[in-house]
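Heads up, the thing below is written out as C-alpha coordinates.
The values are calculated or read from the model by the stated rules, or taken from the named source; none is laboratory data. Since the model is a prediction, treat every value here as computed from it, not as a measurement. Note that each Cβ is placed from the backbone with ideal geometry, even for glycine, and that neighbours are counted across all protein chains shown.
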Amino acid sequence: MEPEKNILDMLIVGGGPAGYTAALYGARAGLSVLLLEKLAPGGQMGTTDMVDNYPGFPKGVNGFDLAMQMKECAERFGAKTALEEVSALELTGEVKLAHTPKHIYQARTVVLAMGSHPRELGLEREGDLRGRGVSYCATCDGMFYRGKTVAIVGGGNTAVSDGLYLSRLCDKIYLIHRRDKLRAPLPQQKALEQAGNVEFLWNSEVTALLSGDRLSGLRVRNKKTGEVQELACDGVFIAVGQVPDAQLAVGQVACSEDGYVLAGEDTRTNLPGVFAAGDLRKKPLRQIVTAASDGAVAAAMAQEYLDGR
(Lines give C-alpha, C1' and ligand atoms only; values in the text may rest on other atoms or scores of the structure.)
Protein backbone atom coordinates (compact mmCIF):
# COMPACT_ATOMS: atom_id res chain seq x y z
CA MET A 1 0.00 0.00 0.00
CA GLU A 2 1.45 3.36 -1.03
CA PRO A 3 1.50 6.27 1.42
CA GLU A 4 -1.14 8.96 1.01
CA LYS A 5 0.11 11.88 -1.09
CA ASN A 6 -1.12 14.64 1.21
CA ILE A 7 1.07 15.28 4.24
CA LEU A 8 -0.89 16.49 7.27
CA ASP A 9 0.34 19.17 9.61
CA MET A 10 -0.87 17.21 12.64
CA LEU A 11 -1.98 13.65 13.15
CA ILE A 12 -3.58 12.77 16.49
CA VAL A 13 -3.85 9.17 17.69
CA GLY A 14 -6.66 8.81 20.22
CA GLY A 15 -10.06 10.47 20.53
CA GLY A 16 -10.31 11.25 24.23
CA PRO A 17 -10.31 14.74 25.78
CA ALA A 18 -6.57 15.17 25.12
CA GLY A 19 -6.91 14.22 21.48
CA TYR A 20 -9.94 16.34 20.71
CA THR A 21 -8.59 19.38 22.55
CA ALA A 22 -5.39 19.10 20.50
CA ALA A 23 -7.55 18.82 17.38
CA LEU A 24 -9.53 21.91 18.35
CA TYR A 25 -6.49 24.06 19.05
CA GLY A 26 -4.61 22.79 16.03
CA ALA A 27 -7.49 23.36 13.62
CA ARG A 28 -8.16 26.83 15.04
CA ALA A 29 -4.53 27.68 14.33
CA GLY A 30 -5.05 26.79 10.69
CA LEU A 31 -3.29 23.43 10.71
CA SER A 32 -4.53 20.45 8.73
CA VAL A 33 -5.56 18.01 11.44
CA LEU A 34 -6.70 14.39 11.34
CA LEU A 35 -7.65 12.43 14.45
CA LEU A 36 -7.62 8.63 14.38
CA GLU A 37 -9.79 6.77 16.91
CA LYS A 38 -10.32 3.01 16.88
CA LEU A 39 -13.73 2.85 18.59
CA ALA A 40 -15.74 5.96 19.46
CA PRO A 41 -14.96 9.45 20.73
CA GLY A 42 -14.25 9.89 24.41
CA GLY A 43 -11.91 7.16 25.56
CA GLN A 44 -12.52 6.34 29.24
CA MET A 45 -14.59 9.53 29.49
CA GLY A 46 -17.01 8.18 26.90
CA THR A 47 -17.86 5.20 29.11
CA THR A 48 -18.60 7.35 32.17
CA ASP A 49 -22.27 7.81 32.94
CA MET A 50 -21.88 11.11 34.81
CA VAL A 51 -18.90 13.47 34.81
CA ASP A 52 -19.31 15.61 37.90
CA ASN A 53 -16.03 17.53 38.04
CA TYR A 54 -15.51 19.12 34.62
CA PRO A 55 -15.78 22.92 34.75
CA GLY A 56 -18.79 24.52 33.12
CA PHE A 57 -21.35 21.80 33.86
CA PRO A 58 -22.88 22.57 37.26
CA LYS A 59 -25.34 19.67 36.96
CA GLY A 60 -22.75 17.26 35.59
CA VAL A 61 -22.66 15.85 32.07
CA ASN A 62 -22.83 12.39 30.53
CA GLY A 63 -19.33 11.34 29.46
CA PHE A 64 -20.31 10.30 25.94
CA ASP A 65 -22.28 13.52 25.44
CA LEU A 66 -19.23 15.54 26.51
CA ALA A 67 -17.07 13.56 24.10
CA MET A 68 -19.40 14.28 21.19
CA GLN A 69 -19.41 17.98 22.08
CA MET A 70 -15.60 18.01 22.08
CA LYS A 71 -15.61 16.30 18.68
CA GLU A 72 -18.10 18.83 17.33
CA CYS A 73 -15.99 21.74 18.59
CA ALA A 74 -12.88 20.43 16.83
CA GLU A 75 -14.67 19.62 13.59
CA ARG A 76 -16.29 23.06 13.53
CA PHE A 77 -12.83 24.48 12.79
CA GLY A 78 -11.93 21.87 10.19
CA ALA A 79 -10.41 18.96 12.10
CA LYS A 80 -11.25 15.57 10.59
CA THR A 81 -11.98 12.28 12.37
CA ALA A 82 -11.39 8.81 10.97
CA LEU A 83 -12.60 5.77 12.92
CA GLU A 84 -9.65 3.55 12.08
CA GLU A 85 -7.40 1.54 14.38
CA VAL A 86 -3.71 2.33 14.07
CA SER A 87 -1.68 -0.85 13.71
CA ALA A 88 1.78 0.75 13.56
CA LEU A 89 3.49 4.11 13.87
CA GLU A 90 6.76 5.28 12.33
CA LEU A 91 7.80 8.32 14.34
CA THR A 92 11.53 8.80 13.91
CA GLY A 93 11.57 10.41 10.47
CA GLU A 94 10.83 14.02 9.58
CA VAL A 95 7.57 12.78 8.08
CA LYS A 96 5.73 10.43 10.45
CA LEU A 97 3.63 7.50 9.26
CA ALA A 98 0.52 5.92 10.76
CA HIS A 99 -0.62 2.57 9.36
CA THR A 100 -4.27 1.50 9.53
CA PRO A 101 -6.05 -1.34 7.70
CA LYS A 102 -7.30 1.22 5.16
CA HIS A 103 -4.52 3.79 4.74
CA ILE A 104 -1.02 4.94 5.47
CA TYR A 105 -1.25 8.50 6.77
CA GLN A 106 1.64 10.96 6.66
CA ALA A 107 2.10 13.92 8.99
CA ARG A 108 4.75 16.40 10.02
CA THR A 109 3.73 16.18 13.69
CA VAL A 110 2.03 13.50 15.76
CA VAL A 111 0.20 13.86 19.06
CA LEU A 112 0.09 10.59 21.00
CA ALA A 113 -3.18 10.60 22.96
CA MET A 114 -4.00 6.91 23.31
CA GLY A 115 -4.71 7.23 27.03
CA SER A 116 -4.56 4.44 29.58
CA HIS A 117 -6.94 2.00 31.20
CA PRO A 118 -7.31 0.88 34.81
CA ARG A 119 -5.77 -2.40 35.82
CA GLU A 120 -8.69 -4.63 36.77
CA LEU A 121 -8.92 -7.29 39.45
CA GLY A 122 -10.24 -9.79 36.92
CA LEU A 123 -13.33 -10.69 38.93
CA GLU A 124 -16.62 -11.95 37.54
CA ARG A 125 -19.03 -9.11 36.65
CA GLU A 126 -16.35 -6.47 37.25
CA GLY A 127 -17.00 -4.87 33.87
CA ASP A 128 -20.78 -5.12 34.21
CA LEU A 129 -20.70 -3.29 37.56
CA ARG A 130 -18.50 -0.43 36.43
CA GLY A 131 -20.50 2.70 37.18
CA ARG A 132 -22.86 0.65 39.38
CA GLY A 133 -20.67 0.38 42.44
CA VAL A 134 -17.32 -0.40 40.84
CA SER A 135 -15.06 2.58 40.20
CA TYR A 136 -11.42 3.17 39.37
CA CYS A 137 -11.31 6.89 40.15
CA ALA A 138 -12.12 8.34 43.57
CA THR A 139 -11.85 11.96 42.47
CA CYS A 140 -14.25 11.22 39.61
CA ASP A 141 -16.90 9.27 41.52
CA GLY A 142 -16.35 9.87 45.22
CA MET A 143 -19.14 12.43 45.58
CA PHE A 144 -21.69 9.76 44.63
CA TYR A 145 -20.81 7.93 47.86
CA ARG A 146 -21.10 10.77 50.34
CA GLY A 147 -22.20 9.37 53.71
CA LYS A 148 -21.95 5.76 52.50
CA THR A 149 -19.68 2.77 53.06
CA VAL A 150 -17.02 1.99 50.49
CA ALA A 151 -13.95 -0.19 50.06
CA ILE A 152 -10.62 0.59 48.45
CA VAL A 153 -8.45 -2.17 46.98
CA GLY A 154 -4.75 -1.41 46.83
CA GLY A 155 -1.87 -0.21 48.96
CA GLY A 156 0.15 2.24 46.89
CA ASN A 157 0.11 6.01 46.48
CA THR A 158 -3.19 6.04 44.59
CA ALA A 159 -4.99 3.84 47.12
CA VAL A 160 -3.82 5.99 50.05
CA SER A 161 -4.65 9.24 48.24
CA ASP A 162 -8.08 7.83 47.41
CA GLY A 163 -8.52 6.87 51.06
CA LEU A 164 -7.70 10.36 52.28
CA TYR A 165 -10.05 11.89 49.72
CA LEU A 166 -12.91 9.50 50.48
CA SER A 167 -12.43 9.76 54.25
CA ARG A 168 -13.79 13.30 54.03
CA LEU A 169 -16.89 12.13 52.16
CA CYS A 170 -17.77 8.62 53.26
CA ASP A 171 -19.08 7.30 56.53
CA LYS A 172 -16.93 4.15 56.53
CA ILE A 173 -13.99 2.92 54.45
CA TYR A 174 -12.40 -0.52 54.23
CA LEU A 175 -8.89 -0.50 52.77
CA ILE A 176 -8.05 -3.97 51.48
CA HIS A 177 -4.39 -4.68 50.76
CA ARG A 178 -2.71 -7.95 49.82
CA ARG A 179 0.39 -7.12 51.89
CA ASP A 180 0.88 -6.17 55.54
CA LYS A 181 1.96 -2.57 54.97
CA LEU A 182 1.29 0.31 52.61
CA ARG A 183 3.72 1.54 49.95
CA ALA A 184 2.78 5.24 50.09
CA PRO A 185 4.94 7.92 51.81
CA LEU A 186 4.80 7.76 55.62
CA PRO A 187 3.11 11.16 56.14
CA GLN A 188 0.20 10.05 53.96
CA GLN A 189 -0.01 6.71 55.71
CA LYS A 190 -0.16 8.37 59.11
CA ALA A 191 -2.82 10.80 57.93
CA LEU A 192 -4.94 7.91 56.69
CA GLU A 193 -4.48 5.97 59.95
CA GLN A 194 -5.64 9.03 61.88
CA ALA A 195 -8.72 9.60 59.71
CA GLY A 196 -10.90 7.69 62.17
CA ASN A 197 -13.25 6.05 59.68
CA VAL A 198 -10.81 3.74 57.87
CA GLU A 199 -10.50 0.04 58.70
CA PHE A 200 -7.47 -1.79 57.28
CA LEU A 201 -7.72 -5.39 56.08
CA TRP A 202 -4.14 -6.58 55.71
CA ASN A 203 -2.90 -9.61 53.75
CA SER A 204 -6.30 -9.78 52.10
CA GLU A 205 -7.70 -10.04 48.61
CA VAL A 206 -11.14 -9.61 47.08
CA THR A 207 -12.36 -12.90 45.64
CA ALA A 208 -15.88 -11.93 44.54
CA LEU A 209 -18.14 -8.95 43.94
CA LEU A 210 -21.55 -9.35 45.56
CA SER A 211 -24.36 -7.72 43.64
CA GLY A 212 -27.83 -7.53 42.25
CA ASP A 213 -28.23 -4.71 39.75
CA ARG A 214 -25.60 -2.81 41.76
CA LEU A 215 -22.69 -3.76 43.96
CA SER A 216 -23.83 -4.71 47.45
CA GLY A 217 -20.64 -6.06 48.98
CA LEU A 218 -17.36 -7.95 48.64
CA ARG A 219 -16.11 -11.39 49.54
CA VAL A 220 -12.64 -11.05 51.03
CA ARG A 221 -10.11 -13.75 51.88
CA ASN A 222 -7.22 -13.41 54.30
CA LYS A 223 -4.21 -14.86 52.48
CA LYS A 224 -2.47 -15.98 55.68
CA THR A 225 -5.32 -17.56 57.61
CA GLY A 226 -7.63 -18.50 54.75
CA GLU A 227 -10.54 -16.85 56.58
CA VAL A 228 -13.29 -15.57 54.28
CA GLN A 229 -15.66 -12.76 55.17
CA GLU A 230 -18.33 -10.76 53.38
CA LEU A 231 -18.32 -6.99 53.67
CA ALA A 232 -21.42 -4.95 52.92
CA CYS A 233 -20.53 -1.78 51.01
CA ASP A 234 -22.07 0.61 48.51
CA GLY A 235 -19.02 0.94 46.31
CA VAL A 236 -15.49 -0.29 45.71
CA PHE A 237 -12.63 1.79 44.36
CA ILE A 238 -10.03 -0.36 42.65
CA ALA A 239 -6.60 1.28 42.86
CA VAL A 240 -4.15 -1.34 41.70
CA GLY A 241 -2.61 0.73 38.92
CA GLN A 242 -3.16 1.98 35.40
CA VAL A 243 -1.95 0.46 32.15
CA PRO A 244 -0.81 3.07 29.60
CA ASP A 245 -1.90 2.38 26.04
CA ALA A 246 1.49 3.34 24.64
CA GLN A 247 2.39 0.09 22.87
CA LEU A 248 2.42 1.72 19.43
CA ALA A 249 5.17 4.10 20.52
CA VAL A 250 7.32 1.75 22.62
CA GLY A 251 10.82 1.45 21.20
CA GLN A 252 10.60 4.84 19.52
CA VAL A 253 9.74 7.40 22.20
CA ALA A 254 11.29 7.29 25.67
CA CYS A 255 9.07 5.64 28.27
CA SER A 256 9.20 5.17 32.02
CA GLU A 257 9.73 1.77 33.63
CA ASP A 258 5.97 1.41 34.05
CA GLY A 259 5.29 2.16 30.40
CA TYR A 260 4.22 5.81 30.40
CA VAL A 261 5.56 8.13 27.71
CA LEU A 262 8.12 10.54 29.11
CA ALA A 263 7.19 14.11 28.20
CA GLY A 264 7.30 17.27 30.25
CA GLU A 265 4.59 19.86 30.79
CA ASP A 266 5.39 21.06 27.27
CA THR A 267 4.31 17.55 26.07
CA ARG A 268 7.46 17.18 23.96
CA THR A 269 8.86 13.67 23.73
CA ASN A 270 12.45 12.81 22.88
CA LEU A 271 11.51 12.72 19.18
CA PRO A 272 11.20 16.02 17.26
CA GLY A 273 7.63 16.63 16.17
CA VAL A 274 6.14 13.99 18.46
CA PHE A 275 4.09 15.04 21.49
CA ALA A 276 2.34 13.11 24.26
CA ALA A 277 -0.91 14.31 25.81
CA GLY A 278 -3.30 12.91 28.36
CA ASP A 279 -3.25 9.78 30.45
CA LEU A 280 -0.40 7.99 28.65
CA ARG A 281 2.01 10.78 29.67
CA LYS A 282 3.95 10.40 32.91
CA LYS A 283 2.19 12.89 35.21
CA PRO A 284 0.88 13.29 38.78
CA LEU A 285 -2.86 13.64 38.05
CA ARG A 286 -4.97 12.01 35.36
CA GLN A 287 -8.33 13.74 34.95
CA ILE A 288 -10.37 14.99 32.00
CA VAL A 289 -9.35 18.57 32.72
CA THR A 290 -5.62 17.75 32.81
CA ALA A 291 -5.93 15.72 29.60
CA ALA A 292 -7.62 18.68 27.90
CA SER A 293 -4.84 20.95 29.16
CA ASP A 294 -2.22 18.63 27.68
CA GLY A 295 -4.04 18.65 24.35
CA ALA A 296 -3.99 22.43 24.16
CA VAL A 297 -0.28 22.53 25.02
CA ALA A 298 0.55 19.80 22.50
CA ALA A 299 -1.18 21.71 19.70
CA ALA A 300 0.68 24.91 20.59
CA MET A 301 4.02 23.08 20.70
CA ALA A 302 3.27 21.36 17.38
CA GLN A 303 2.51 24.74 15.81
CA GLU A 304 5.77 26.12 17.22
CA TYR A 305 7.67 23.14 15.82
CA LEU A 306 6.13 23.61 12.37
CA ASP A 307 6.86 27.33 12.41
CA GLY A 308 10.48 26.56 13.23
CA ARG A 309 10.83 24.35 10.17
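A few remarks follow.
- Checking each residue in the stretch 159-206 for being hydrophobic (A, V, I, L, M, F, W, C) and touching a Ser or Thr at 6+ places or on another chain (Cβ under 8 Å) picks out Cys170, Ile173, Ile176, Ala184, Leu192, Ala195, Val198.
- Count of the stretch 24-49 residues which are aliphatic (A, V, I, L, M) and free of Cβ contacts under 8 Å to residues at least 60 places away in the same chain: 5
- Checking each residue in the stretch 88-103 for being part of a loop (DSSP other than H, G, I, E, B) and basic (Lys, Arg) picks out only Lys102.
- Filtered residues of the stretch 65-81 (kept if surrounded by fewer than 16 Cβ atoms within 10 Å (Cβ to Cβ) and in contact with a strand residue (DSSP E or B) (Cβ under 6 Å, 6 or more places away or on another chain)): Lys80
- Residue list for the stretch 119-134, filter: acidic (Asp, Glu) and over 16 Å from Cys233 (Cβ atoms): Glu120, Glu124, Asp128
- Leu280 vs. criteria of a type in the set (A, V, I, L, M, F, W, C) and assigned by TED's automatic domain parsing to the domain that holds Ala296: yes
- Matching residues in the stretch 153-176 - criterion: being within 18 Å of Pro284 (Cα to Cα) and touching a residue at least 40 places away in the same chain (Cβ under 8 Å): Gly154, Gly156, Thr158, Ala159, Asp162
- Selection of the stretch 17-64 for residues being among the charged types (D, E, K, R) and surrounded by fewer than 24 Cβ atoms within 10 Å (Cβ to Cβ) yields Arg28, Lys38, Asp49, Asp52, Lys59.
- Candidates are the residues of the stretch 235-283 that are of a type in the set (Lys, Arg) and not in a loop (DSSP other than H, G, I, E, B); the one that is nearest to Val13 (Cα to Cα) is Arg281.
- Residue count, the stretch 199-237 (criterion: surrounded by 13 or more Cβ atoms within 10 Å (Cβ to Cβ) and either aromatic (Phe, Trp, Tyr) or without any contact (Cβ under 8 Å) to a residue 24 or more places away in the chain (or both)): 8
- Meets criteria (among the hydrophobic types (A, V, I, L, M, F, W, C), touching a residue at least 24 places away in the same chain (Cβ under 8 Å) and outside the structural domain of Glu126 (by TED's automatic domain parsing)) for Val253: yes
- Within the stretch 92-117, the set of residues being at negative phi and surrounded by 21 or more Cβ atoms within 10 Å (Cβ to Cβ) comprises Lys96, Ala98, Tyr105, Ala107, Thr109, Val110, Val111, Leu112, Ala113, Met114, Ser116.
- Residue count for the stretch 231-279 under the criterion of being closer than 30 Å to Arg219 by Cα and of a type in the set (A, V, I, L, M, F, W, C): the result is 9.
- All of Gly133, Gly127 fail the test of being touching a residue at least 40 places away in the same chain (Cβ under 8 Å) and within 19 Å of the chain's Cα centre (by Cα), apart from Gly133.
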